[in-house]
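For reference, the structure is listed below as structure tokens.
The values are calculated or read from the model by the stated rules, or taken from the named source; none is laboratory data. Everything numeric here is computed off the predicted structure, so don't read it as measured data. Note that we place each Cβ from the backbone using ideal geometry, even for glycine, and neighbour counts take in every protein chain shown.
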Amino acid sequence: MITRRLVLPGIVIAQFLCTTLWFGGNAVADDLILNELDLPEKTIAWVISAVQFGFISGTLVYALLNITDRYQPSKLFLASAIAAALSNAAILAAGDLALVLLLRFFTGFFLAGIYPVGMKIAADHFGKDLGKVLGYLVGALVLGTAFPHLLISQAIHPSWRSVLLSISAMAVIGGIIMALFVPAGPFRSPVQKLDIGLSIKVFRARAFRLAAFGYFGHMWELYAFWAFLPLIIAHYNTRHEVYLNVPFFSFLVIAVGCLACIASGFISQRIGAGKTAFTALACSCACCLFSPLAFSLPLEPFLAFLFFWGWMVIADSPMFSTLVAGNAASSEKGTALTIVTCIGFFITIGSIQLLDTLRQAVDTAWLYIFLAPGPLLGLIAMRSGNTQKMS
């Protein structure tokens, strides 16, 4: 008999195992593109972007068709995990860039049935403790994000083929764990029929809308910070003529966010998800504004600043998911989480492309101040909605 004690570990472990498809695949892009296919380095970015576009497309389709709310979430998670794992493993037989891009796109597409669906499953099982639970869940995603940097920083160089096979196998195992140990939750209320307009209707609720706007501001900053973190560290090395292992410290700064997510989940139990999210978003916004001055700091204070930023930039993420789920009807939570995630990840493309363009014209030290408008607008939206009422 499946006990409630197995539900949370099952969700977290399954989520981590399956999201390795996203970030572990990116870790072998160098070997695959440069060595196996003998293509120019610029095509690596295409492979990484293909997953992002696939995920955005997948979340849009899942949201418009209400897939997450219409079907048993654990079975949907398993089916998506198997489909994503097969798409990822098929790269072993791909002989050209076009096929690799297509397969990475479909890997991202089916990840839409993993990350948002995992949050939906958690929302179906946990009520007042949802913030704490999502802290663990997003923490697992953060650890998966950081892991490729650790791989690159070490002397261990597994073949790209063995990495792809391993993470595909891990994803299938994750899907099986979810299907076997996480049944339908007591708070699940499935949609009985298709409602194409549901992904728009959820925004009619003001509290939901403002929580979503806060999340969008958070996403403008988050992935751009993670993407350009190696550049931040490399620039500090050059400016001060010191040596910080760029991939290793990138791993540490991102990985500390795992602890931040867990901590914010517990803090939210005392002060509420709204206040917790608002505080973290305000702190990360302050980091954006302070970043030009940070490059003048001595080594230890600079590292302390980076770790503080790495903590605050993600600490609000599970709280926003909690607010989004909490301000949507029980029969709409899956669609609500999925469409908000879709828009959020679409926004990340804009901020990353903006910084990539500006780096040619702006001194690196001043580059990250352009991330501040996102969290600033998010804070304005949350303040107008009253964070206390949004909790």
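Please find, within segment 227-272, the residue that is nearest to residue 291 (Cα to Cα) out of those that are out of contact with any Leu (no Cβ under 6 Å at 6 or more places or on another chain) and among the hydroxyl-bearing types (Ser, Thr, Tyr).
236
Does residue 34 satisfy the condition of being more than 20 Å from residue 184 (Cβ to Cβ) and touching a residue at least 12 places away in the same chain (Cβ under 8 Å)? Walk me through it before giving the result.
On the way: more than 20 Å from residue 184 (Cβ to Cβ): yes; touching a residue at least 12 places away in the same chain (Cβ under 8 Å): no.
So residue 34 does not fit the description; no.
Here is a check on your reading of the model: is residue 64 modelled with pLDDT under 90, in contact with a Cys (Cβ under 8 Å, 6 or more places away or on another chain) and either surrounded by fewer than 24 Cβ atoms within 10 Å (Cβ to Cβ) or assigned by TED's automatic domain parsing to the domain that holds residue 356 (or both)?
Values: modelled with pLDDT under 90: yes; in contact with a Cys (Cβ under 8 Å, 6 or more places away or on another chain): no; either surrounded by fewer than 24 Cβ atoms within 10 Å (Cβ to Cβ) or assigned by TED's automatic domain parsing to the domain that holds residue 356 (or both): yes.
So residue 64 fails the test.
What about residue 111, is it in contact (Cβ under 8 Å) with a residue 60 or more places away in the chain and surrounded by fewer than 24 Cβ atoms within 10 Å (Cβ to Cβ)?
So residue 111 does not fit the description; no.
Scanning for something outside any helix (DSSP H, G or I) and surrounded by fewer than 16 Cβ atoms within 10 Å (Cβ to Cβ), does segment 256-272 turn up at least one residue?
No, segment 256-272 contains no residue that is outside any helix (DSSP H, G or I) and surrounded by fewer than 16 Cβ atoms within 10 Å (Cβ to Cβ).
Note down all Cβ pairs under 6 Å where the first residue falls in segment 151-167 and is within 12 Å of residue 88 (Cβ to Cβ), the second is modelled with pLDDT under 80 and surrounded by 12 or more Cβ atoms within 10 Å (Cβ to Cβ), and they're at least six residues apart or on different chains.
If the second residue must be modelled with pLDDT under 80 and surrounded by 12 or more Cβ atoms within 10 Å (Cβ to Cβ), the pairs left are 160/28; 160/31; 160/32; 163/28; 167/24.
Considering segment 316-374 alone, what residues qualify as being in a loop (DSSP other than H, G, I, E, B) and either closer than 28 Å to residue 267 by Cα or among the hydroxyl-bearing types (Ser, Thr, Tyr) (or both)?
Residues satisfying the conditions are 316, 327, 328, 329, 330, 331, 332, 372.
Please find, within segment 72-103, the residue that is farthest from residue 122 (Cα to Cα) out of those that are in contact (Cβ under 8 Å) with a residue 60 or more places away in the chain and surrounded by fewer than 22 Cβ atoms within 10 Å (Cβ to Cβ).
97
Filter segment 306-334 down to the residues that are polar (S, T, N, Q) and modelled with pLDDT under 85 and list them by number.
Once the filter is applied, which keeps residues that are polar (S, T, N, Q) and modelled with pLDDT under 85, segment 306-334 yields 330, 331.
Consider residue 117 carefully, then state whether it is β-branched (Val, Ile, Thr), more than 30 Å from residue 159 (Cα to Cα) and surrounded by fewer than 24 Cβ atoms within 10 Å (Cβ to Cβ). Give the steps one after another, and end with the answer.
Values: β-branched (Val, Ile, Thr): yes; more than 30 Å from residue 159 (Cα to Cα): yes; surrounded by fewer than 24 Cβ atoms within 10 Å (Cβ to Cβ): no.
No; evaluated as a whole, the condition is false for this residue.
Return the total of residues in segment 55-76 being out of contact with any Gly (no Cβ under 6 Å at 6 or more places or on another chain) and either β-branched (Val, Ile, Thr) or part of a helix (DSSP H, G or I) (or both).
Residues flagged as out of contact with any Gly (no Cβ under 6 Å at 6 or more places or on another chain) and either β-branched (Val, Ile, Thr) or part of a helix (DSSP H, G or I) (or both) within segment 55-76 amount to 14.
Residue 197 versus (1) free of Cβ contacts under 8 Å to residues at least 60 places away in the same chain; (2) in contact with a Ser or Thr (Cβ under 6 Å, 6 or more places away or on another chain): which is the lone unmet condition?
(2)
Residue by residue, here is whether (1) within 19 Å of residue 296 (Cα to Cα); (2) in the same structural domain as residue 379 (by TED's automatic domain parsing); (3) at pLDDT below 90 holds:
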site	(1), (2), (3)
210	no, yes, no
216	no, yes, no
235	yes, yes, no
242	yes, yes, yes
247	no, yes, yes
266	no, yes, no
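Within segment 218-249, which residues are hydroxyl-bearing (Ser, Thr, Tyr) and under 27 Å from residue 342 (Cβ atoms)?
The answer is 223, and nothing else.
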